[in-house]
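Here's the structure, in structure tokens; my notes come after.
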Amino acid sequence: MGGIPVTSYPRRALLSVTDKRGLDTLAAALDRAGFQLIASGGTAAHIAALGLPVVKVSDLTGFPEIFGGRVKTLHPAIHGGILGPRVEDFADVQELGITPIDVVVVNLYRFNEAAAGQADPDAVIEHIDIGGPSLLRSAAKNHARVCVLSDPDQYEEFMAELDSGGGVISSSLRRKLAAAAFRATAAYDRNIARWFTGRDPAGIPLRYGENPHQAAVMDIDLPGGDLEALGLVQHGGKQLSFNNLVDLVAGLKLVADFEEPCCAALKHTNPCGFGLGSGAVGLERALRCDPVSAFGGIFIFREDLDLDGAEILAGRFLEIVAAPGYVPEALARLLRKKKLRVLTVDFEKFTGATAGKGRSWGALELRQDEDAGFPELDDAELVAGPAPDELTSRTLAMLWKVCKHGKSNAIVLGDSEGTLGLGLGQMSRVDSTELAIMKAGQQDLDLQGCCAASDGFFPFPDGIQRLAAAGVKAVIAPGGSIRDQEVAAAADALGMTLVLTGRRHFNH
């Protein structure tokens, strides 16, 4: 089929924008470059008012806008012109009157503003853009031929290249703008989905961020979009702040790594005590190594909290208590502390809903898989000293799990009941070692015959030697240093058990 020569097609740009910033300059630039301008509704009227020639979408398609403008660009003459792969392919559809569209300029209805300012759901729904995302996605998919502009902030770069390239846009810029279009439609759809599930698309405002002068929001990307979707129910106390939530998640993740009854005390996301045992027993063991740091902290329990445990907590200043449940008297006692945030947690739902970890700084977003499980404990290698007995093995495994949740560098000392000293977040592993020993000494805790866990390898024997001098008999660490053999030899000479796992759990 011969068809129309490629050179006979005029270059065309489709414009349909809600945000008309920069439209005057862009439309004039496209006109100067020889593009025929096609526009819908208000955009066409705006361009015509500039004195520029413009073809209305309805004139191109032969169909008027219908249903109050709900349907205007959803037509083969539009999408065919955008999605046709190569210019020469349009020869096959010439009898249908479909010709190429080379540039698509679209931004979307202001849904977020409507959702924030409208109580009427029908009014909000009218601000859900259908044609706009379809045009953006079509143009972005076909970026090999079509250039798509989804934001007025892109116009300057586009016009500069339009001018320097003699009206031709480079493939690298077309690809860059295509990616931006897909990001725009993804964010738009996500916000609409949040609204349909009853969430504010902008997130749920918190009291403040890390500091009172910082605004903060919470968003939970699950049906319902609230704390209950995560398995958390708050029974009393002040609204959870940004810091409260960060600490709470850190504590819940720590305790979720254990199946046996236990209690963890945390401050600023770091464990400051951990104890095995139910209710008051686990709590007292968690408090023994650093009750001062636990002041103003949070307490997480793996099993229901008893009245004795609630009485101990009621006599302390703390921010949060969370447990799977409470005996009625314990809950009543805690709720008498009006500011204390008291929560129940469904650990199965929580751990299933929070897999993964991320951080963001403006446009930079980092995401990673959850650091889940401890398979390395099944294959840990004894490299020095006597083989650990069953109780020592259990103690090393417990401390290894707690150590995972302390900020690196982390050293955790303990016995079979819980922690005795914690040195966390230091730039030097030796400093973390000294801090853990010092914390135990402040509470007059006996370290003779205790165990230790390290979240990273010992780069030199000095850390091992200091632990041995303090009374530590067994250490678990990941290994991986070029001096592992030297460190193991030092441990062996001291009669210290050293177990290497081959897998680390850093917590930055």
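Nothing in this text is a laboratory measurement; each read-out follows from the coordinates by a stated rule. From a predicted model like this one, the values you see are computed outputs, not experimental measurements. Positions of Cβ are generated from backbone atoms using ideal geometry, with glycine treated the same way; all protein chains shown enter the neighbour counts.
Cross-link reach is defined here as a Cα-Cα straight distance under 28 Å, omitting same-chain residues fewer than 8 places apart; for K357 the lysines meeting it are K176, K238, K253, K267, K349, K401, K404, K407. Computing FRET efficiency as 1/(1 + (r/R0)^6) for L52 and A229, where r is the C-beta to C-beta distance and R0 is 51 Å, gives about 0.50. With both labels modelled 7 Å from their Cα along Cα-to-Cβ, the E95 to I204 distance reads 6.1 nm.
For the stretch 352-395, the list of GluC sites (Glu not before Pro) that fall in a loop by DSSP and count at most 12 other C-beta atoms within 10 angstrom reads E370. For D308, D379, D415, D59, the sequence from fewest to most other C-beta atoms within 10 Å is D379, D59, D308, D415.
Span-like helix criteria (full DSSP H runs; alpha carbon extent of at least 30 Å along the helix axis; mean Kyte-Doolittle hydropathy of at least -0.5) are satisfied in the chain by 171-196.
Full extension of the chain segment joining R316 with Q368 gains 15.1 nm, where the gain is 0.36 nm per residue of separation less the Cα-Cα distance. When only alpha carbons are used to place a centre, the stretch 375-435 and the stretch 214-262 end up 27 Å from one another. The fewest-to-most ranking of W361, W400, W195 by surrounding Cβ atoms within 10 Å reads W361, W195, W400. From helices alone, the chain scores -11000 deg cm²/dmol at 222 nm; the rule is -39500 (n - 2.57) for each run of n ≥ 4 DSSP H residues, then divide by the residue total. Using a ≥ b ≥ c from the Cα gyration tensor of the stretch 230-349 (square roots of the eigenvalues), is it rounded, prolate or oblate, where a/c under 1.5 gives rounded and otherwise the larger of a/b and b/c decides, a/b for prolate? Note, shape of the stretch 230-349 comes out rounded. In summary, the lysines within cross-link reach of K56, defined as a Cα separation below 21 angstrom excluding same-chain residues under 8 places away, comprise K20, K72. Report for the stretch 6-196 the percent antiparallel among DSSP-assigned beta bridges with both residues inside it, nearest 5. Once the DSSP bridges in the stretch 6-196 are tallied, antiparallel ones form about 5 percent. Each residue of the stretch 122-127 was assigned a 3J(HN,Hα) from its phi angle through the Karplus curve 6.51 cos²θ - 1.76 cosθ + 1.60 (θ = phi - 60°); the sequence is 5, 5, 5, 4, 5, 9 Hz, with glycine and proline shown as x.
Taking a ≥ b ≥ c as the square roots of the eigenvalues of the Cα gyration tensor, the stretch 379-500 is classed as rounded, since a/c falls below 1.5.
A Förster distance of 30 Å, applied to the separation of the beta-carbon atoms of D379 and A355, puts the FRET efficiency at 0.80. For the pair F295 and E113, the difference between a 0.36 nm per residue extended length and the Cα-Cα distance amounts to 61.2 nm. Taking the DSSP bridge list for the chain and keeping only pairs wholly inside it, about 55 percent are antiparallel. Between A123 and R190, the FRET efficiency estimated from the beta carbon spacing at R0 = 22 angstrom works out to 0.60. In this structure the amide hydrogen of Y326, modeled in the peptide plane, comes within under 5 Å of the amide hydrogens of L305, none closer than 5 places in sequence on its chain.
For the stretch 379-500, the share of DSSP beta bridges that are antiparallel, to the nearest 5, is 65%.
With each label modelled as a point 7 angstrom along the Cα→C-beta vector, the A215-R70 pair spans 3.4 nm. Centroid-to-centroid, using Cα positions, the stretch 154-213 and the stretch 80-105 are 27 Å apart.
Which of the three applies to the stretch 93-201, rounded, prolate or oblate, going by the alpha-carbon gyration tensor with a ≥ b ≥ c and a/c under 1.5 meaning rounded? Walk me through the numbers on the way to the answer.
Numbers: a/c = 2.76, a/b = 1.87, b/c = 1.47.
In terms of gyration-tensor shape, prolate.
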